[in-house]
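Colleague: This is the structure I want to talk about, given as structure tokens.
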Amino acid sequence: MDLDTELARRNMTHQQIRCWDVLDTKVLDALASVPREHFVPEQYGNLAFADTPLPVAPGRAMETTLSPTLEGKILETLDIQPDDRALIVGIGNGYLTACFTQLCQDVTGIDPSPELVEASRQKLTDTGIGTADLQVKNPFADEIKQQFDVIAITGSLPQYDEAIETWLKPGGRAFVVIGQAPVMEALLIRRAAGGEISTESLFETVIAPLPNLKPKPTFDF
């Protein structure tokens with residue numbers, strides 16, 4: 001065991017994430033159990049536990065991970081249960097997906113990049129952390145037929161898209177960030193048992209846009 005790595009991991013969970021009022025022990029244990037250092041590009045290994053976004057892969061400087069504190073906030077806000085069916089939109093480097101596998105057994109991750117999907121699949125295999133169904137798919141261009149209990153959208157959207165609501169089961173919750181820098185808002189979307197949709201504003205933040213979004217069609221009249 002690398003004591004420096006373990007100390008950095010403990011500092012991440014106890015001095016960064018807990019200080020952002022992420023106190024659920026299941027979430028903290030999930031974040032600590034996944035070796036974050038194996039999911040970041042090798043050249044950024046010394047920053048693996050820093051509370052800052054990092055490029056998801058070499059040559060993808062504009063596509064960045066979420067910070068550890070925001071990942072912790074997402075996991076706690078979604079209140080993930082062991083029998084939940086989870087969807088991660090935008091796999092990134094695969095770390096958040098791996099954390100989801102520690103909290104529920106049915107995890108689907110989608111991303112439009114075949115390279116990121118394959119790299120994340122390999123990391124999950126190499127670490128033996130958990131299993132997830134990783135698919136090459138653009139969520140707002142390709143049809144999503146299943147419904148999920150919890151959804152995490154890891155990149156910002158310029159505006160809210162009601163398609164998210166169709167992906168939620170009754171009782172489901174979705175985390176999404178809406179807006180454009182420097183003004184973005186994190187939202188929790190809920191579908192009640194009867195189907196009603198409610199939206200809760202959580203906090204302001206700024207994250208990288210979800211890549212390769214298909215623009216909505218425009219019409220000339």
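Colleague: What residue, among those in the stretch 161-186 that are touching a residue at least 12 places away in the same chain (Cβ under 8 Å), assigned to a loop (DSSP other than H, G, I, E, B) and farther than 21 Å from LEU75 by Cα, is nearest to the chain's Cα centre (by Cα)?
Modeller: ASP161
Colleague: When LEU70 is evaluated against the numbered criteria (1) within 19 Å of ILE189 (Cα to Cα); (2) surrounded by fewer than 20 Cβ atoms within 10 Å (Cβ to Cβ), which criterion, by number, is the only one it fails?
Modeller: (2)
Colleague: Among residues belonging to the stretch 47-78 that are of a type in the set (D, E, K, R) and over 14 Å from the mean Cα position of the chain (by Cα), point out the one that is modelled with the lowest pLDDT.
Modeller: Within the stretch 47-78, the match that is modelled with the lowest pLDDT is ARG60.
Colleague: Please find, within the stretch 187-200, the residue that is farthest from VAL89 (Cα to Cα) out of those that are touching a helix residue (DSSP H, G or I) at 6+ places or on another chain (Cβ under 8 Å), surrounded by 17 or more Cβ atoms within 10 Å (Cβ to Cβ) and without any contact (Cβ under 8 Å) to a residue 60 or more places away in the chain.
Modeller: Here the answer is ARG191.
Colleague: Take residues that are touching a residue at least 24 places away in the same chain (Cβ under 8 Å) and of a type in the set (Asp, Glu) and tell me which of the helices (runs of 4 or more DSSP H) falling wholly in the stretch 36-139 contain 2 or more.
Modeller: So the answer is 68-77, 114-127.
Colleague: Filter the stretch 12-25 down to residues that are surrounded by 14 or more Cβ atoms within 10 Å (Cβ to Cβ) and in a helix (DSSP H, G or I), then give me how many there are.
Modeller: 6
Colleague: Run GLN105 past the list (1) crowded, with 20+ Cβ neighbours inside 10 Å; (2) within 14 Å of ASP133 (Cβ to Cβ); (3) polar (S, T, N, Q) and report the number of the one that doesn't hold.
Modeller: Among (1) crowded, with 20+ Cβ neighbours inside 10 Å; (2) within 14 Å of ASP133 (Cβ to Cβ); (3) polar (S, T, N, Q), GLN105 violates only (1).
Colleague: Here is a further query. If you take the residues in the stretch 21-46 that are acidic (Asp, Glu) and more than 18 Å from the chain's Cα centre (by Cα), which one is nearest to TYR95 (Cα to Cα)?
Modeller: Among those that are acidic (Asp, Glu) and more than 18 Å from the chain's Cα centre (by Cα), it is GLU42.
Colleague: Is it the case, given these coordinates, that ARG9 is surrounded by 19 or more Cβ atoms within 10 Å (Cβ to Cβ) and part of a helix (DSSP H, G or I)?
Modeller: For ARG9, the condition - surrounded by 19 or more Cβ atoms within 10 Å (Cβ to Cβ) and part of a helix (DSSP H, G or I) - is met.
Colleague: Please go through the stretch 121-170 and pick out each residue that is surrounded by fewer than 19 Cβ atoms within 10 Å (Cβ to Cβ), at pLDDT 90 or above and among the small types (Gly, Ala, Ser).
Modeller: GLY128, ALA163
The values are calculated or read from the model by the stated rules, or taken from the named source; none is laboratory data. The model shown is predicted, which means the values in this text are computed figures rather than measured ones. We place every Cβ from the backbone using ideal geometry, glycine too, and count neighbours over all the protein chains shown.
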